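Bear in mind these aren't lab numbers, they're just calculated from the coordinates by the rules spelled out. Bear in mind the structure is a predicted one, so any value in this text is a computation, not a measurement. As a convention, Cβ positions derive from the backbone with ideal geometry for all residues, glycine included, and neighbour counts pool all protein chains shown.
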Ligand SMILES: [Zn+2]
Ligand SMILES: [Zn+2]
């Protein structure tokens, strides 16, 4: 896939998302954060239990998320999540790793570094941005627990910003928004479907190839009203989030 990008700007970059519900080797000190993917969907979407939210981003050297990505993320979450107490996004650097990354190694890194946990009326989400890559070469990120996401920073850099490639901000934003929607319960993963739209061949993804929650996100598609070629959620996905406490 990457090879093709070198030869033609007409070939679209796509990536398959990987989700993981397996048990992690490292148990987090905060019990709330050890639950399966999708378990906190309503907590993240609604204000009934948690009226504010903290997003802790930890990146390995060289892979800090772009300021515009953070700005996009803020707008995206504000448009979906009912958090009258506010949504705070913090970004800090952690030690380099440089190896390939698996769900287990992401969980171990999270255990070692994460500082923000759900407490009181504040729900906390952890986003790890690694300097390693996934051995499958097509996965740019995955959600692996109820409030945990891993992005392959190196793969995102490699697949963006060059000739014929999508911008880095657009790719970072697309992967982040897709994975965040998994922890918000899409598709059929904690936010029940209002109308059936789950892709039977790729569970927990939307059947609509133009939707943000399609299993292989096409990050080079220009959509009306969206600058930077970031795919948008379709009405079926949006309805599920609203029905589970979202805006
Ligand atoms: Zn996915
Ligand atoms: Zn959808």
Going from the fewest other Cβ atoms within 10 Å to the most, one would list 33, 51 as 51, 33
Return P(r) of the range 121-189 (all Cα-Cα pairs; 10 Å bins starting at 0; whole %; ordered from short to long distances). 20, 49, 25, 5, 0
Which order do 88, 169 fall in if you start with the one that has the fewest other Cβ atoms within 10 Å? 88, 169
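Under 1.5 on a/c is rounded, so check that first for the range 49-171, then, if it is not, pick prolate when a/b is larger than b/c and oblate when it is not; a ≥ b ≥ c are the square roots of the alpha carbon gyration tensor eigenvalues.
Cα axes put the range 49-171 in the oblate bin.
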Based only on other Cβ atoms within 10 Å, what is the fewest-to-most ordering of 182, 121? 121, 182
Could you work out how far the C-alpha centroid of the range 187-211 sits from that of the range 63-91, in angstrom? 24 Å
